[in-house]
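Below is one structure; the comments refer to it alone.
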Amino acid sequence: MSNFILIIFCLSAGIISRKFNWVAKDGFKALNAWVLYFGLPALSFNFLPKLQWDNSLLFTMLGPIIVLSGSILFFYILEKITKISKRTSHTLMLIAGLSNTSFVGFPLITAYFGVEALPIGIVSDQMTFFLLSTVGVIVAMKGSLKKNKKVDFLFILKRVFTFPPLIGCLLALSIPRFIDLSSLDEFFRILGSTVSPIALFSIGLQLNFAIVKTEVPNIIYALVYKLIIAPGIVAFNSNMVRIKR
């Protein structure tokens, strides 16, 4: 229950702070920098060294790939049926096919499954970022209004391997193999505990509930895939994996 209260409180605090100008207009950027450069890497160091790899984590890595692949196929077909623009369909592929699984996802995982399930969220988050920075960039460029725009693979590689949470994830998986960091467990735990409240507060500062009426159909398309079709695809594949076992 406390995690649900945390989500509501921090989001509300961000919305209220923006409304009364208690925080600078772009103040969320500083909050995001803390989360990306310090909070998320600390979470990796807190949980990943103790992580026991098994088939369930392999499926966790596969899940975002399944969801994004299904989104690309779904909105490609939808584009042909409804005649929506290529730019719109490719935008929907990314919106519905990818998720920010850390900012709101981590508190929800903790609320539903307990803190011991948080490593699953970390693995999923890093896989999602990898897809965003590779396949996502290509999808965005293909949907761009600019014709014959070439994909800059050097840009993609630089984006992937300079992302602080991914660097933290890789270091958290490698350094403990050579150096005992157990004495810093409490430090990483405290540092990592700042992620949820700060991230949620940042989201609250940026939330905008204004909806352009012409975009309502596209919002519905995205929600139908995100909330109904995508979970169904993942559940189906999960059951198939269990049957094969």
Can you say whether I122 is open to solvent by 70 Å² or more (accessible area, probe 1.4 Å), part of a helix (DSSP H, G or I) and not acidic (D, E), as far as the supplied structure shows? no
Would you confirm whether or not segment 75-88 contains a residue that is under 14 Å from the mean Cα position of the chain (by Cα) and either in a helix (DSSP H, G or I) or more than 23 Å from L40 (Cα to Cα) (or both)? no
Looking at segment 27-56, which of its residues are open to solvent by 60 Å² or more (accessible area, probe 1.4 Å) and within 13 Å of T194 (Cα to Cα)? W34, Y37, F38
Go through segment 18-44 and give me each residue that's among the polar types (S, T, N, Q) and not in a loop (DSSP other than H, G, I, E, B). N32, S44
Hey, could you check segment 99-119 for residues that are under 22 Å from Y225 (Cβ atoms) and touching a Pro at 6+ places or on another chain (Cβ under 9 Å) and say which is most open to solvent (accessible area, probe 1.4 Å)? S99
For A96, state whether it is within 30 Å of L200 (Cβ to Cβ) and open to solvent by less than 20 Å² (accessible area, probe 1.4 Å). yes
Could you tell me which residue of segment 1-26 is surrounded by the fewest Cβ atoms within 10 Å (Cβ to Cβ), considering only residues that are at pLDDT 85 or above and among the aromatic types (F, W, Y)? F20
Answer yes or no: is there a residue in segment 145-153 that is on the phi < 0 side of the Ramachandran plot, β-branched (V, I, T) and assigned to a helix (DSSP H, G or I). no
Within segment 29-87, count every residue that is farther than 29 Å from I220 by Cβ, in contact (Cβ under 8 Å) with a residue 24 or more places away in the chain and of a type in the set (A, V, I, L, M, F, W, C). 15
2 or more residues farther than 22 Å from L58 by Cα, in contact (Cβ under 8 Å) with a residue 60 or more places away in the chain and open to solvent by less than 50 Å² (accessible area, probe 1.4 Å): qualifying helices (runs of 4 or more DSSP H) within segment 156-241: 185-192, 195-206, 216-224
Taking segment 121-144 and keeping only residues that are within 12 Å of I65 (Cβ to Cβ), in contact with a Pro (Cβ under 8 Å, 6 or more places away or on another chain) and among the hydrophobic types (A, V, I, L, M, F, W, C), one is left with M127, L131
Residue pairs within 7 Å by beta carbon, gap of at least six or interchain, first lying in segment 102-126 and without any contact (Cβ under 8 Å) to a residue 12 or more places away in the chain, second of a type outside the set (K, R), listed first then second, are A117/I109
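The values are calculated or read from the model by the stated rules, or taken from the named source; none is laboratory data. Here the structure is a predicted model, which means the values were calculated and not measured. Note: ideal-geometry Cβ built from the backbone for every residue, glycine included; neighbour counts use all protein chains shown. In case anyone asks, the SASA skips ligands and DNA or RNA and just uses the protein heavy atoms, side chains included. Shrake-Rupley method; radii C 1.70, N 1.55, O 1.52, S 1.80 Å.
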